[in-house]
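Step one of this worksheet: look at the structure below.
The values are calculated or read from the model by the stated rules, or taken from the named source; none is laboratory data. If you're wondering where the values come from, they're calculated on a predicted model, not measured in any experiment. FYI the Cβ positions are ideal-geometry reconstructions off the backbone, even for glycines, and counts take in every protein chain you see. The protein model used for the area step is the full one, side chains on, heavy atoms only, and it has no ligands, DNA or RNA in it. Shrake-Rupley method; radii C 1.70, N 1.55, O 1.52, S 1.80 Å.
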Amino acid sequence: MKKNIIIVLVTMGLLSSCDDFLQRTPLDFGSSVTYFNTSTDLRDAANNFYELFPGNNEPQKDGLFTVDNNSDNQCGGWSDSNFYPGSRVTPDLENSEWKFGDLREINYFIALIEERMKAGVISGPEADINHYLGEFYFFRAYEHFRLLKSFGDAPIINKVPSDNEEELKLVSIRQPRNEVARFAIDDLITACGLLQPAAPQMNRLNRACAQLMLARVALFEATWEKYHANTVFVPGNPKWFGAKAHPDFAFKSGSAEKEIEYFFDLAIEYAQKASEGRTLSDNYEALFNSTGTEKLSEMILVKKYAVGAVAHSVPKLLAAGSNNCGYTQALVNSFLMKDGLPIYASDEYVEERRDTSIVTEMIDRDERLVVSVNKPGDLNVEAYDNVAASYLGIPRILNTTETGSPTGYEIRKYHVTNPEQANEFSKGITDTPIFRLAEAYLIYMEAYYERHNALDSYCKTFWEALRTRAKVNVNYQYTIDHTDLDKENDLAVWSKGILIDKTLYNIRRERRCEFIAEGFRLDDLRRWRALDMMNAKGNKNPMDDNEGYVMRGFNLWDQFYTRYVLSELNKAGVVSPESDGARICPHRRYISDKAYGGYNFPKAHYLDPVPVSEIIMTSQNSDASTSTIYQSPGWPYKSAGVAAGNDEYDYD
């Protein structure tokens, strides 16, 4: 009975996170305190916040594999307004990340649990009680990291505020981004001390989750502060957009450089801790299309599903097509050959022969690419009952809905051939990785090299392990020596518009390849300040009328078009014409597409705008200039307003 009451409290409107932060009345849980008597009660209360993790969503919704449509790795049927000026606008609250409902609830539970622990009224193993308290500290950090990624400077919410208007205004003030990162890290350090190495229940948060999350936050902030230094986006300089609100700001480490070192050191330390006692799985493909993966040493935390409870539709979506998205040429070309060489440096890759079909492109390539891309002849759905097995034919570029792929590089990662899952919506039960060992390896490698401009023995061990699983020559120095940054069609070769060194680029390459279709790419491009080059200057495959960065897919028009009915290809809105180049251009199918001439990234889009309604609510007499909340750089104090262009605002 106690357990059921707690679950009702969590799932009903009492803990709704939909309301506006400043409009919320004080939380009133009535007699809910009565039921916080056991460690099991704490566990049940924490269950609600596991929904904060990414996953394959509800049945018939897009899966995790579509998230990278917001990057240069993939694209959907239409262009992304984040990558060109004039269409993305200041949002209303509902469509913004400026939300604090979950933080209010988490703070309520932390205060309540600690109060009742102090009173000694919670029964159960002490280690379990501490563990579930640690989960709440983890989720509070997780939510602050979400705000950090979206807004940079953000409110720090460490308690449940009252309904006093002046207190709410003070709480809503955006704090310097490095302080937000420090707060999240402090909570994760607390969580590390409370969480057990092995959770009391299978597949719950454990100590390694907190260690890896801490390393993720630290690397993000270190690289952001390094590559956005001395701009409006980073504290400690006169251009910083929070300078007026925080005139006495000073870095706790003593300087901007020391602050960056502080975060890199934490990333190194905690990535190494998260990796201890674990090994990579031999089978990369099975990590994403299987059940029971929580038993693998590599998997630190996964999201589970079950038919009739919480299932997903990813197997059905991928069997039917690619859900109207696909990989880009730039992503595919970044993968190495098995001999360890980039495609332009390998004698095994003769472009005139290899570039004629997806099948030939995949020969002797990094295994992570081979298993993540559909190829003609691949098994699609296994035989069942009296129905024969089905195999993939030519790329489904003629279909411009969910059953097609605008680039021709159809997504196979997460694909399941089991007919019970692949033939119906709501029957997908494959696990979704949340935290896995490979991320710890990649964080360590990047942070260590950024900090020391060298690679240590851990870097060597981790990098070789990743390449061994990918069936690529483990000699990464061989790759580095044969890398020509001018031939790499990858935005990540730049930071701040300047070419980085070849070793660092190959670490970034490794990260890109390991996390194909996992939703990491946009955050990486933002923290590396690589999107400065998402324009004509960064376009390695330009149009004759090139105005920006053009997304391309597979090579259709040299030879492969003969596999289709030409009249079907030539229909309006199906594929880009041959005159646009051999490789199809998804955003050139319609002249009305805002990215028809390519992407030109507006620097204001490095951060999200705050909904103007929230700024007005904390102002005097609706005068935005008097608000305790300042707007993100380049964004207007106007509802549905567009950001200032790169030539209209001094971002640097």
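Can you give the translational diffusion coefficient of the range 253-362 in µm²/s, computed by Stokes-Einstein from the Kirkwood radius over Cα pairs at 37 °C and 0.692 mPa s?
Translational D for this selection: 173 µm²/s.
If the viscosity is 1.567 mPa s and the temperature 4 °C, what translational diffusion coefficient in µm²/s does Stokes-Einstein give for the range 44-111 when Rh comes from Kirkwood over Cα pairs?
Once the numbers are plugged in, D ends up at 85 µm²/s.
Per-residue counts of other Cβ atoms within 10 Å, averaged by peptide: what ranking do you get for 247-260, 68-81, 215-228, highest first?
215-228, 68-81, 247-260
Run the accessible area of the chain with a 1.4 Å probe and give the carbon-and-sulfur part as a rounded percent.
Within the chain, the accessible surface is 48 percent carbon and sulfur.
Which far-off residues, 5 or more places away or on another chain, put their amide H under 5 Å from the one on residue 343, with H placed in the peptide plane?
Those lying under 5 Å, H to H, from residue 343 are 337.
I'd like the distance separating the alpha-carbon centroids of the range 302-380 and the range 608-652, in whole Å.
When both Cα centres are located, 42 Å separates them.
What percent of all Cα-Cα pairs in the range 509-631 falls in each 5 Å bin, counting up from 0?
Pair shares across the bins are 2, 9, 13, 13, 14, 13, 11, 8, 6, 4, 3, 2, 1, 0.
Taking the range 378-467, how much of its Cα-Cα pair set, in percent, is spaced more than 19 angstrom apart?
Percentage above 19 Å: 63.
Over the chain, what is the mean sequence separation of C-alpha contacts under 8 Å (at least six apart), divided by residue count, expressed as relative contact order in percent?
Relative CO of the chain lands at 19 percent.
Using the scaling law 2.2 N^0.38 Å as the reference, what is the normalised Cα Rg of the range 142-271?
In units of the 2.2 N^0.38 Å rule of thumb, it is 1.14.
Would you work out which of 101, 123, 161 lies farthest towards the positive end of the dipole of the range 97-219, given +1 charges on the beta-carbon of Lys and Arg and -1 on that of Asp and Glu, about the Cα centre?
Sorting the options by dipole projection puts first 101.
State the number of lysine pairs found in the range 52-178 whose Cα atoms come within less than 28 Å, restricting to pairs 8 or more positions apart or on distinct chains.
Final tally of qualifying lysine pairs is 9.
Counting Lys and Arg as +1 and Asp and Glu as -1, each charge on the Cβ, what is the dipole of the chain about the Cα centre in debye, to the nearest 20?
Dipole magnitude for the chain comes out near 500 debye.
What ranking do 638-646, 625-633 get when scored by the average of other Cβ atoms within 10 Å per residue, highest first?
625-633, 638-646
Compute log10 of I(q)/I(0) for the range 49-160 with the Debye formula, placing one identical point scatterer on every Cα and leaving out solvent, at q = 0.17, 0.18, 0.21, 0.22 Å⁻¹, to two decimals.
-1.01, -1.07, -1.26, -1.31
Which translational diffusion coefficient, to the nearest whole µm²/s, is obtained for the range 87-211 from the Stokes-Einstein equation, given a Kirkwood hydrodynamic radius over C-alpha pairs, 10 °C and 1.306 mPa s?
The estimated diffusion coefficient comes to 101 µm²/s.
When only C-alpha pairs under 8 Å and at least 6 residues apart count, what is the relative contact order of the range 202-323, in percent?
28 percent
Could you work out the Rg to Rh ratio of the chain, with Rh taken as the Kirkwood radius (inverse of the mean 1/r over all Cα pairs)?
0.96
Run lengths n ≥ 4 of DSSP H only: what is the helix-derived mean residue ellipticity at 222 nm for the chain, with -39500 (n - 2.57) per run over all residues, to the nearest 500?
-10500 deg cm²/dmol
From the residues 539, 434, 384, which one has its Cα farthest along the dipole of the chain in the positive direction, the dipole being from +1 and -1 charges on Cβ of Lys/Arg and Asp/Glu about the Cα centre?
Towards the positive end, the residue furthest out is 384.
Let me know the Kirkwood hydrodynamic radius for the range 459-538, please, with Cα pairs as the basis and the value in Å to one decimal.
Its Kirkwood hydrodynamic radius stands at 13.4 Å.
Pairing the Cα long axis of helix 256-275 with the longest principal axis of the chain, what angle in degrees results, from 0 to 90 and rounded to the nearest 10?
80 degrees
For Cα pairs less than 8 Å apart in space and 6+ apart in sequence, what is the mean separation divided by the residue count of the range 542-635, i.e. the relative contact order in percent?
After rounding, I find 25 percent.
How big is the range 317-392 along each principal axis, measuring the range of its Cα positions in Å and listing the largest first?
48, 22, 21
Looking at 592, 220, 112, which one has the Cα that reaches farthest to the positive end of the dipole of the chain (charges on Cβ: Lys, Arg +1; Asp, Glu -1)?
Sorting the options by dipole projection puts first 112.
Which far-off residues, 5 or more places away or on another chain, put their amide H under 5 Å from the one on residue 610, with H placed in the peptide plane?
632
Please compute the Cα-Cα pair-distance distribution of the range 39-79 with 5 Å bins starting at 0, giving whole percents from short to long.
Per 5 Å bin, starting at 0, the Cα pair percentages come out as 5, 17, 18, 16, 14, 10, 8, 5, 4, 1.
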